[in-house]
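Have a look at the structure below, then the notes.
What follows draws every value from the coordinates through simple rules; no lab data is involved. Remember, predicted model here, so these are calculated numbers, not experimental data. Methodologically, a virtual Cβ is constructed for each residue, glycine included, from the backbone with ideal geometry; neighbour enumeration extends over all protein chains shown.
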Amino acid sequence: MSIRMVPVAGTFQKMHRIVRDMSKKLNKEVKLEVIGEETEVDKNIIEHLSDPLIHMIRNSVDHGIESAEERVNKGESAIGKITLEARNESGDVWIIVRDDGKGLDKKCILQKARQKGLLKKPDNELTDKEVYSCIFQPGFSTNAEVTEFSGRGVGMDVVNKNISEIGGTVQVDSSPEIGTTISIKIPLTLAIIDGMKMRVG
C-alpha cells in the first residue's frame, strides 16, 4: 500500500500556472494558496484528479473571482484568493477548492435548472445544496455566451463523473459575496475493499 501512495504536490503545483495564465487573459488579480500538498493518495486516484481540479480552478477564476475594480468597489482586496487544500480524515482524502469571490448566483442557477427541467420540487422546498448541485448536471452552464473558458456546459459534470468513477463524492457550498467551496471526498486507496466475513450454523 505504501508503494502505491504518492503526494498530491505534483498535481497541485500544476494549478499555479493555470491560475496565472487565466488571470492574465481575464485581466484579474488572483493568487493561489496551496495547503497540505504533502497529503498522499493512491497513484490511480492522482491520475483521475488532475482534470477535475483544472475545471474547478478555472471556474473559480472565471466565475467566482471578480475583477480587481469590482472587488475594490465592494471594499475588498483587489487580489482574489483561491485556496487548494488536501487533508486526510479517517480513511478518506478531502480535496477542497475555495475562493473568496462573489459566490454562486442561486437565482440564475434556479432559472437555468427550471428551463432544462432538472428540478422535481417547487422552489420553496429546495435546499441551497440541492440548487447548487444542479451545476453538476451535464450541459449545465449559466454563461449566456461561449468563451474560451466556459459556456459550453462541459465542466462540472465532468468533475462529478471523474470523481464518481473513483468512488468519491463532490459537494458544493456557497455564500453570496463571501465565496464558494467545492469539496471532494475520495477513498484513501483503491487497493482496499471493505468486506464482511460470516459463518452460519
- Within a Gaussian network of the chain (alpha carbon springs, distance under 10 Å), most fluctuating of V61, V159, V131: V131
- Hz values of 3J(HN,Hα) by residue in segment 113-127 - Karplus curve (6.51, -1.76, 1.60), Gly and Pro given as x: 5, 5, 4, 8, x, 8, 9, 9, 10, x, 3, 6, 9, 8, 7
- Task: Before anything else, pin down the relative contact order of the chain: Cα pairs under 8 Å, at least 6 apart, normalised by residue count, whole percent.
- Result: 23
- Starting from the amide H of V41, placed 1.01 Å from N in the peptide plane, find each other amide H under 5 Å away whose residue is 5 or more places distant or on another chain. V6, V8
- Message: In the chain, once you exclude exposed trypsin sites (Lys or Arg not before Pro) (DSSP loop, at most 16 other Cβ within 10 angstrom), what's the longest stretch remaining?
- Response: 5-73
- Query: For q = 0.13, 0.16, 0.22 Å⁻¹, what log10 I(q)/I(0) does segment 38-124 give under the Debye formula with an equal point scatterer on each alpha carbon and no solvent?
  - Reply: -0.67, -0.87, -1.03
- Query: Quick one: Cα convex hull volume of segment 81-130, Å³ per residue?
  - Reply: 129
- When the helices in the chain are scored as -39500 (n - 2.57) per DSSP H run of 4 or longer and the sum is shared across all residues, what 222 nm value do you end up with, to the nearest 500 deg cm²/dmol? -10000 deg cm²/dmol
- Looking at segment 1-45, which GluC sites (Glu not before Pro) are in a loop (DSSP not H, G, I, E or B) and have at most 10 other Cβ atoms within 10 Å? E38
- Item | Gain on full stretching of the segment that runs from S2 to S77 - 0.36 nm per residue minus C-alpha separation | 22.7 nm
- Checked the chain against the a/c 1.5 cut and the a/b vs b/c comparison, axes a ≥ b ≥ c from its Cα gyration tensor; verdict oblate
- Task: Give me the net charge of I178's neighbourhood, meaning all other residues with Cβ under 11 Å from the Cβ of I178; Lys, Arg count +1, Asp, Glu -1.
- Result: -3
- Message: Through the Karplus equation 6.51 cos²θ - 1.76 cosθ + 1.60, θ set to phi - 60°, convert the phi angles of segment 79-85 into ³J(HN,Hα) values in whole Hz; use x for Gly and Pro.
- Response: 8, x, 10, 10, 10, 10, 10
- Here segment 13-22 yields Karplus 3J(HN,Hα) values (6.51, -1.76, 1.60; θ = phi - 60°; whole Hz; Gly and Pro given as x) of 5, 4, 6, 4, 5, 4, 5, 4, 5, 5
